[in-house]
1. At LEU66 and ALA105, where each label point lies 7 Å from the Cα along Cα→Cβ, what is the point-to-point distance in nanometres?
2. Sorted by accessible area (1.4 Å probe), largest first, how do ARG83, ARG29 line up?
3. Which of the peptides 59-66, 105-112 is most tightly packed, and how do the rest follow, judged by the mean count of other Cβ atoms within 10 Å per residue?
4. To the nearest 10 square angstrom, what accessible area does ARG101 show with a 1.4 Å probe?
Amino acid sequence: MRDKNAADEVHRDEESGAKQAGGIRVTDRRRINIDEASAGGGGDVASNEHETEQASGLKPIYVEELEARTRAAEQKAFDVQARFEQVRAELRRESDESRQRLYRAADERAARD
């Protein structure tokens with residue numbers, strides 16, 4: 001009976017916490033069989049593959065693909081940034097040259113008048 005009362009009390013605490021946190025209630029129903037996991041036997045194929053990959057230090061293929069895509073995106077961003085800086089420097093140089101031409105033209109007009 002005490003276990004049921006304790007469980008009810010925990011349930012009420014969870015509900016009040018959920019109401020305070022915005023009304024979203026999450027119940028974690030995952031279970032871990034420690035004896036089976038430590039013995040390494042009887043697990044599903046996916047977990048055995050995962051353990052093998054971790055033990056050998058290899059990454060799953062999808063992780064390698066994502067890393068390759070990330071490197072390609074980073075290289076593209078670097079190239080775009082370099083091109084931007086190049087065009088920006090060229091624009092700044094052209095603006096300076098135009099400004100100097102306008103000043104010379106204004107000085108020549110002032111000298112003629």
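The values are calculated or read from the model by the stated rules, or taken from the named source; none is laboratory data. As the structure is a computational prediction, the values presented were derived from the model and not from experiment. Cβ placement follows ideal geometry from the backbone for every residue including glycine, while neighbour counts extend to all protein chains displayed. The accessibility values were calculated without ligands, DNA or RNA, using every heavy atom of the protein model including side chains. Shrake-Rupley method; radii C 1.70, N 1.55, O 1.52, S 1.80 Å.
1. Computed distance between label sites LEU66 and ALA105 equals 5.8 nm.
2. Working: ARG83 130, ARG29 180 Å².
Final ranking, largest accessible area leading: ARG29, ARG83.
3. Values: 59-66: 10.8, 105-112: 8.8.
Top of the packing list down: 59-66, 105-112.
4. Only protein atoms counted, so the area is about 130 Å².
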